Amino acid sequence: MRRPILAGNWKMNLLRREVERLLDELRAAVAGVADREVLVCPPFPYLAQAAAILEASPIQVGAQDCCWELRGAFTGEVSPAMLKDVGCTRVILGHSERRQLLGETDERIHAKLRCAVKAGLNPILCVGETLEERQADRTWDVIRRQLERGLLGLEAAETAGLVIAYEPVWAIGTGQTATPAQAQHVHRRIRSWLEKRFGPGVSASTRILYGGSVNAGNVDVLMAEPDVDGGLVGGASLRAADFARIVRFEA
């Protein structure tokens, strides 16, 4: 059995006191949940604060991005080694907003992923198609390219902490959600690709999350699909009650 992961991507939201309040509320709301992994990904300035607040909690802290180098003259960048040092266990890489708004290429995302693995930080690699690509029946072509380039050169032994997140771009922040059948279809193809690339052991153990307007009202039906192993949650993760309901999904 793959242990589900419910990850909250806070994006560029909240200030220091709001972070403290949300984490205090969330810690209380998910107390006793032991059969699933809970992760919050605050903005860079609040990672150390979040890690300190959650130190005695099973809730993990992750980052929303990282640099492609461990150290050096890269003004404004943050090394995965630094993220690990302040308490992060995971890092989101290749989120569609980074790809679409900030021009990140598959090659840059691959470099970040290799650097994160080298630093001992577990990557969450995001893949997904735009509405135009889906309408042109190019969904799998796009996702396969993102997987092939993002995981280029990775050995099976380096995949132990790898998580894949399928996030159709057309469903992020729009209120639209892929149907459970649509999500399952893509997740199944990703798992089959992983089997061909790394073998059945990696395919069976790698967790694949769905991201794209996951909320308290649709999480149960999404999590009922056999290849959906969790959610990468945006706006709903900024409200403790909503995110706690997502964490406590009933599939």
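Quick look at the numbers
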| item | result |
| --- | --- |
| Student exercise, the chain dipole from Lys, Arg, Asp, Glu Cβ charges, in Debye to nearest 20 | 240 debye |
| Cα gyration tensor of the chain - equivalent ellipsoid semi-axes, whole Å, descending | 25, 22, 17 |
| Computed FRET value (nearest 0.05) for Leu70 with Gln176, which takes r as the C-beta separation and R₀ as 51 Å | 0.85 |
| Cβ-defined net charge surrounding Ala29, 13 Å radius [Lys, Arg +1; Asp, Glu -1] | +2 |
| Long-range amide H partners of Asn218 with built H, under 5 Å | none |
| Non-local Lys pairs in the chain, i.e. 8 or more apart or on different chains, that have alpha carbons under 20 Å apart | 4 |
| Karplus 3J(HN,Hα) series, Hz, for the range 194-210 with 6.51 cos²θ - 1.76 cosθ + 1.60 (x for Gly, Pro) | 4, 5, 5, 7, 10, x, x, x, 5, 4, 6, 9, 6, 8, 10, 9, 9 |
| Fully extended contour minus Cα-Cα distance, from Glu55 to Asn13, at 0.36 nm per residue | 12.9 nm |
| Å³ per residue enclosed by the Cα convex hull of the range 128-226 | 97 Å³ |
| Total formal charge among the other residues, if their Cβ is under 12 angstrom from that of Glu97, Lys/Arg +1 and Asp/Glu -1 | 0 |
| Rh by Kirkwood over Cα pairs, then Stokes-Einstein D for the range 3-85 at 1.002 mPa s and 20 °C, µm²/s | 157 µm²/s |
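Quick note: the coordinates plus some simple rules give every number you see, no bench work behind them. None of these values were measured; they are calculated from a predicted model. Positions of Cβ are backbone-derived with ideal geometry, glycine not excepted, and every protein chain shown enters the neighbour counts.
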